[in-house]
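The values are calculated or read from the model by the stated rules, or taken from the named source; none is laboratory data. Here the structure is a predicted model, which means the values were calculated and not measured. As a convention, Cβ positions derive from the backbone with ideal geometry for all residues, glycine included, and neighbour counts pool all protein chains shown.
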Amino acid sequence: MTGRVVDTADLLPPDKEALLDRALVQTEQATRSQFVVVTLPTLGGRRIEDVGLDLGRTWKLGRLNVDDGVLLIVAPTERQVRIEVGYGLEGVLRDEEAKAIITDTIIPRIRSGDMPGAILAGSAAIIREINVPGATP
C-alpha cells in the first residue's frame, strides 16, 4: 500500500483523491488511528468481508497491539461496500454506525450515480466518528 487511498477501480478523479488523502492523513495525525479507502474493480469471487480482513492484515492497518485501523472498501462491479473496523476502534465506530454510514450516506449517492460523492461523504462520516483524540491508547 502506497497511500491512504488505493483507488484501483479508478472511481475518484485525481483532485478528489488528493483531497481525501489529505483528510485521511490529518485524521491519522489527530487520532493516531489509520483509515484507508480502497476501491477494487472486482472481488474476484470472494466475499467482501474476507477481502477486507485480508487487506487489513496484509497492510497491517492500525497500530500494533492497538488494532485501530479502519478500511472502507468499495467494489462497484459486485455493487458492494464494507467498512472494516479494527478491534481497537470498535467502541468508537460500532457495527451499527458503520452500517448506517453505508445505508444512509454511501448507498444513496451511489444509486444517484455519484460514486466520488459516495466515497467522500462516507469517508467524512467515518472521520467524524473516529476523530476522537485519545479514543485508543
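Residues that are touching a Gly at 6+ places or on another chain (Cβ under 8 Å), among the acidic types (Asp, Glu) and under 25 Å from GLY117 (Cβ atoms) within the range 43-99 comprise just one, GLU84.
Just one of the listed residues (ASP68, ASP54) is among the acidic types (Asp, Glu), closer than 19 Å to ARG4 by Cα and in contact (Cβ under 8 Å) with a residue 40 or more places away in the chain, and it is ASP68.
For the condition farther than 15 Å from LEU20 by Cβ, surrounded by 15 or more Cβ atoms within 10 Å (Cβ to Cβ) and touching a residue at least 60 places away in the same chain (Cβ under 8 Å), VAL85 does not qualify. The residue of the range 19-40 that is surrounded by the fewest Cβ atoms within 10 Å (Cβ to Cβ), among those that are under 19 Å from LYS60 (Cβ atoms) and in contact (Cβ under 8 Å) with a residue 60 or more places away in the chain, is ARG32.
Mind listing just one residue for me: the one in the range 50-68 that is modelled with pLDDT under 95 and among the charged types (D, E, K, R) and, of those, surrounded by the fewest Cβ atoms within 10 Å (Cβ to Cβ)? Looking at residues that are modelled with pLDDT under 95 and among the charged types (D, E, K, R), I get ARG57.
Please enumerate the residues belonging to the range 1-11 that are surrounded by 16 or more Cβ atoms within 10 Å (Cβ to Cβ) and over 13 Å from SER123 (Cα atoms). I'd like the intermediate steps shown before the answer.
Step one: of the range 1-11, the residues surrounded by 16 or more Cβ atoms within 10 Å (Cβ to Cβ) are 4-7, 9, 11.
VAL6, ASP7, ALA9, LEU11, listed by residue number.
For GLY91, the criteria (1) of a type outside the set (Asp, Glu); (2) within 18 Å of ASN131 (Cα to Cα); (3) surrounded by fewer than 17 Cβ atoms within 10 Å (Cβ to Cβ); (4) without any contact (Cβ under 8 Å) to a residue 40 or more places away in the chain hold in every case but one, which is (4).
For the subset of the range 95-133 comprising residues that are among the basic types (Lys, Arg) and farther than 21 Å from ALA23 by Cα, which member is surrounded by the fewest Cβ atoms within 10 Å (Cβ to Cβ)? Here the residue is ARG111. Restricting attention to the range 23-37 and to residues that are farther than 11 Å from SER123 by Cα and either at pLDDT 95 or above or of a type in the set (A, V, I, L, M) (or both), the residue that is farthest from the chain's Cα centre (by Cα) turns out to be ALA30. For the range 99-124, which residues satisfy the criterion of being over 21 Å from LEU53 (Cα atoms) and either touching a Ser or Thr at 6+ places or on another chain (Cβ under 7 Å) or not in a helix (DSSP H, G or I) (or both)? Passing the criteria: SER112, GLY113, ASP114, ALA121.
What about THR105, is it within 14 Å of the chain's Cα centre (by Cα), under 12 Å from SER123 (Cα atoms), of a type in the set (S, T, N, Q) and at pLDDT 95 or above? First the steps, then the outcome.
Values: within 14 Å of the chain's Cα centre (by Cα): yes; under 12 Å from SER123 (Cα atoms): yes; of a type in the set (S, T, N, Q): yes; at pLDDT 95 or above: yes.
Spelling it out, THR105 is indeed within 14 Å of the chain's Cα centre (by Cα), under 12 Å from SER123 (Cα atoms), of a type in the set (S, T, N, Q) and at pLDDT 95 or above.
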